[in-house]
Amino acid sequence: MTLNVARREEVLETLRQHAKRITAPKRAVVEVLVTTDDHLTADEVTHLVQLVRPDVSPSTVYRILEELEDLALVVHSHTGHAAAVYHLAGRSHGHVTCEVCHVTFEVPADVFDLMARELDTTLGFELDRHHVALSGVCAQCRGLALESRSTTPN
């Protein structure tokens, strides 16, 4: 059994355990999510679902994503000024988004652990590293900015 098939069956089994109906649109959404490593907007999920099930409406996809999130099967994140993105829950990670090129990078959870502990200790604040991306400038864009400064005559 491939990893995608196993993950799909795990998600569907969780839905069954919570007495949720396994509809064709729900199967299609789950299939899209298990077959991508990307973080997809609801519109992107809808587009991919409609490639195989053109009858599935965007509102149906939103409701399914919400149901999956309520069961902690899916996580959504806000990465910059764009629409929220969705991905299957699993390995814990955070996000950083470049303010110049708007690329979002996954960051392993342990990178956030020190900051999370400090926030908890000093402020009693529990960090939700999934929900919002930290913003800044990526190495490539910083390099381009430095390069342009060094070639600009004074």
For this session: Please find the FRET efficiency linking T122 to A84, where r is the Cβ-Cβ separation and R0 is fixed at 25 Å, and quote it to the nearest 0.05.
Result: 0.30
Exercise. What ratio of Cα Rg to 2.2 N^0.38 Å holds for the chain?
Worked result: 1.28
For this session: With label points built 7 Å along Cα→Cβ from the Cα atoms of V137 and Q50, find their separation and express it in nm.
Result: 3.9
Problem set entry | Average Cα contact separation per residue, region 3-147, under 8 Å, 6 or more apart, as relative contact order % | 18
Exercise. Can you list the residues of region 23-51 with backbone N under 13 Å from a point 7 Å past the Cα of L3, pointing along Cα to Cβ?
Worked result: 34-38
For this session: Report the Stokes-Einstein translational diffusion coefficient (µm² s⁻¹, integer) for region 1-56, Rh taken as the Kirkwood radius over Cα pairs, at 20 °C with viscosity 1.002 mPa s.
Result: 182
Exercise. Zone of S59 (label point 7 Å along Cα→Cβ, backbone N under 19 Å): which residues in region 12-31?
Worked result: 23-26, 29
For this session: Pop the C-beta distance of A72 and D113 into the FRET formula with R0 = 22 Å and round what comes out to the nearest 0.05.
Result: 0.60
For this session: Give me the accessible area per residue for the chain, probe 1.4 Å, as a whole number in Å².
Result: 64
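The values are calculated or read from the model by the stated rules, or taken from the named source; none is laboratory data. Remember, predicted model here, so these are calculated numbers, not experimental data. Counting neighbours? That spans all protein chains shown, and the Cβs are built from the backbone with ideal geometry, glycine included. Ligands, DNA and RNA are excluded from the accessible area calculation, which covers all protein heavy atoms including side chains. Shrake-Rupley method; radii C 1.70, N 1.55, O 1.52, S 1.80 Å.
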